Structures are given as structure tokens and as C-alpha cells.
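Written below as C-alpha cells is the structure these notes are about.
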Amino acid sequence: MLKIYHDEVPEFLRKASLTDEMARLRKVGMDCGCEYTSLSWWRNVGPYKRYEHSLGVALIVWHFTGSHKAALAGLFHDISTPAFAHVVDFMNNDHVSQESTEEGTREIIENSEGIRKILDELGLTVDDVCDYHIYSIADNDSPLLSADRLEYTLNNMVRYQGYSKEKVKVMYDDLVVGINEYGQQELMFQHEDIAEAFVHGCLKNSRLYICDEDRYSMERLALILRDKIKEGVIAYEDLYIDEEVIINKIGYSPEWQDFRVMTEVNRSDVYLGEGWLQIEAKKRYIDPMVMGKGRISSLSVSAKQDIDDFLRLSFDYYLKGH
């Protein structure tokens, strides 16, 4: 996927990606622990790590802006992500906004001798790269299109939906930078039909991100981690190492073994007792701009319908997996 975003990795990004703090993300997954279950959605897809996603975001930002500081901010945006990523948001009761795991980026960068050396060589400061939200191409408010949302959307179209890399490259190559209705720079499609196809593919991903299996797996893993912290099997700080460390410590517990062999999640409209959980989720979607025309939801009846149907999805029921 990286070759789609930019022909090559520039030297400054290559050096920054090789720092110890970034290397840690090679052992933190994008699937938030779901990949460790035996559920069908994740059984046959390959690994997708925060490292790959972060480098992809950086390359997209670099491709469209040529800005060293914006690209590095994109690269470092997940540098503080804990093991199992947004599962820790579930632990922190922040799983609807999913912001609690974004804390700590500045501290990690400030304490990294390797990263600060690279910044010094480029004449940049920690302030320039510790918050990717200040660069609208890197990140912006949902449901606008940003490099962050674009990268995981295209990558998961390939992984989960079987899109060819050639097909997602057509979408990527149609993008340009324009000024949106809020006066911000934003990635925009040039052609309405491509934007429409992108939205339908994006929403298939979005449904997966909040499907019963995904929500239940994350909540159940959060409960396991919370219990193991209380028992002293792991420390909260261990979550900020990597997933291998956690699994090595809890891997022989019956709770983890049951989680690993889980193959299905059942649904009930009524509470059936212990183990049945009602779980909300953050609804992720994108409503991109078409250059000179407006948001695709205002241009395409099918795109608006698909978005509206997604936003109407209810979680007013209970789940239990086994």
C-alpha cells in the first residue's frame, strides 16, 4: 500500500520511522485485539499494524503537502497508542469518543533522543510535530476526509473487501487538495462517480468497525485486561509496551484462552443474565467533497441513503460470545 501513497519513503521519514518509539508500533495492531479471536471476519486477513498505518499517513501527507512537519506529525500521531489500541478506550469508558488513547504523544517525542535529533536536523520543534490535528490534511473533524481516515479506509478495502490495489489507486489518484466550506484545506475527489464508489466502500468498512463481533470482542478484552490489572498479573504501564508483552503474561489464563477460541457472537433484544453486554460504539464514516461541487451526500442519492442508514443503526440489544 505504501507505494500507492508515494513512490518512495523520503529519508527523513525513513529515519524517523526507525526510532525505537516508532518500532514499538510494529507490535500494536490496527484491529484492536479482534484478530486474536477465531471470529470469521478476522480469521483470514493478514496483519495490519499501527506502524504501517502511521507510515502510510505520513506518506499521504507528504505526497499532498510536501511539508516535513506535517508529515512527521502524521507519522507520530499514533506513537502513544497502547497495546490493543482502542480496547483501552473501552477500559477507560471512552469507547464512544475514543480519545483517551491519544494522550502522551508530546511526552514520548520530548523524551526520545532519536526523534529530537531528527527534528534538530530539520530545524523543527516538538510543537511542530506533536499534534497532527493542527494540519487539516493529516486530520480534521469527522466526517471530513483526512490522511488518517483515508489510509485505514483504503487499506481495509483491500484487506476486508478484496479490492485490488489497482482499484484503490484509482481512487487515490483522483484526489487533490482544495478548500472546503470551512476554509480549511481538505483532500477532495475530482470526479463524482469515484467519490460515490469510495463512500460505499468506506461504509462497508464502517459497518465492520461497529459490528457485533467487533464491539463485543473489544469490550470483552477490556474486561480481561481490567481484571488482570486488578489481579496484579499485568500493570497498566505494560499496555504501553506492546501486545506480545501482555499476551506473554496473560496467555495461559482461561479468560484469554476462551477469548482466543471465540467463533461467534449472539444477540438478544432482552437481557438474559450474566455475560450479556449492551455496547455502544463510535460510528466512523466519511462524507468527502467533490471539487467545485460539494459533499457527495448532497450530490448522490445513493451515497446519502447509505450514510443515513448507517447513522440510524441502533445498539439497543445485548451480546454474548462463545
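Number of residues in the range 130-181 that are surrounded by fewer than 15 Cβ atoms within 10 Å (Cβ to Cβ), over 16 Å from the mean Cα position of the chain (by Cα) and within 30 Å of Leu119 (Cβ to Cβ): the value is 4.
It is to be established whether one or more residues within the range 214-236 are touching a residue at least 60 places away in the same chain (Cβ under 8 Å), aliphatic (A, V, I, L, M) and assigned to a loop (DSSP other than H, G, I, E, B). There is no residue in the range 214-236 that is touching a residue at least 60 places away in the same chain (Cβ under 8 Å), aliphatic (A, V, I, L, M) and assigned to a loop (DSSP other than H, G, I, E, B). Checked against (1) more than 17 Å from His77 (Cα to Cα); (2) at pLDDT 95 or above, Ser136 passes all but a single condition, namely (1).
State yes or no: is Glu244 crowded, with 20+ Cβ neighbours inside 10 Å, charged (D, E, K, R) and touching a helix residue (DSSP H, G or I) at 6+ places or on another chain (Cβ under 8 Å)? So Glu244 fails the test. Of all the numbered requirements in (1) touching a Leu at 6+ places or on another chain (Cβ under 9 Å); (2) outside any loop (DSSP other than H, G, I, E, B); (3) aliphatic (A, V, I, L, M), Leu124 misses one, and that requirement is (2).
Residue-by-condition table, conditions (1) modelled with pLDDT of 95 or more; (2) farther than 30 Å from Gly183 by Cα; (3) in contact with a helix residue (DSSP H, G or I) (Cβ under 8 Å, 6 or more places away or on another chain):
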| site | (1), (2), (3) |
| --- | --- |
| Leu221 | yes, yes, yes |
| Trp256 | yes, yes, yes |
| Val265 | yes, yes, yes |
| Leu272 | no, yes, no |
| Ile279 | no, yes, yes |
| Ile286 | yes, no, yes |
| Ser302 | yes, no, yes |
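Could you please find all residues in the range 145-179 being among the hydrophobic types (A, V, I, L, M, F, W, C) and either out of contact with any Leu (no Cβ under 9 Å at 6 or more places or on another chain) or free of Cβ contacts under 8 Å to residues at least 40 places away in the same chain (or both)? Within the range 145-179, Leu154, Met157, Val158, Val170, Met171, Ile179 meet the criteria.
Considering only the range 277-294, I want to know if a residue exists there that is over 30 Å from Leu145 (Cβ atoms) and polar (S, T, N, Q). Yes. Of the helices (runs of 4 or more DSSP H) lying entirely inside the range 1-86, those containing at least 2 residues that are crowded, with 17+ Cβ neighbours inside 10 Å and hydroxyl-bearing (Ser, Thr, Tyr) are 50-65. Determine whether Tyr216 is over 28 Å from Asp269 (Cβ atoms) and out of contact with any helix residue (DSSP H, G or I) (no Cβ under 9 Å at 6 or more places or on another chain). Considered against the rule, which asks whether it is over 28 Å from Asp269 (Cβ atoms) and out of contact with any helix residue (DSSP H, G or I) (no Cβ under 9 Å at 6 or more places or on another chain), Tyr216 comes out as no. Please find, within the range 188-201, the residue that is farthest from Met289 (Cα to Cα) out of those that are part of a helix (DSSP H, G or I) and not small (Gly, Ala, Ser). Ranking the candidates gives His200 first.
Conditions (1) part of a helix (DSSP H, G or I); (2) in contact with a helix residue (DSSP H, G or I) (Cβ under 6 Å, 6 or more places away or on another chain); (3) of a type in the set (A, V, I, L, M, F, W, C); (4) within 30 Å of Ile279 (Cα to Cα), marked per residue:
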| site | (1), (2), (3), (4) |
| --- | --- |
| Asp120 | yes, no, no, no |
| Ser142 | no, no, no, yes |
| Glu151 | yes, yes, no, yes |
| Met157 | yes, yes, yes, yes |
| Val170 | yes, no, yes, no |
| Val176 | no, no, yes, no |
| Glu186 | no, no, no, no |
| Leu203 | yes, yes, yes, yes |
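The values are calculated or read from the model by the stated rules, or taken from the named source; none is laboratory data. Keep in mind it's a predicted model, so treat the numbers as computed, not measured. Note that we place each Cβ from the backbone using ideal geometry, even for glycine, and neighbour counts take in every protein chain shown.
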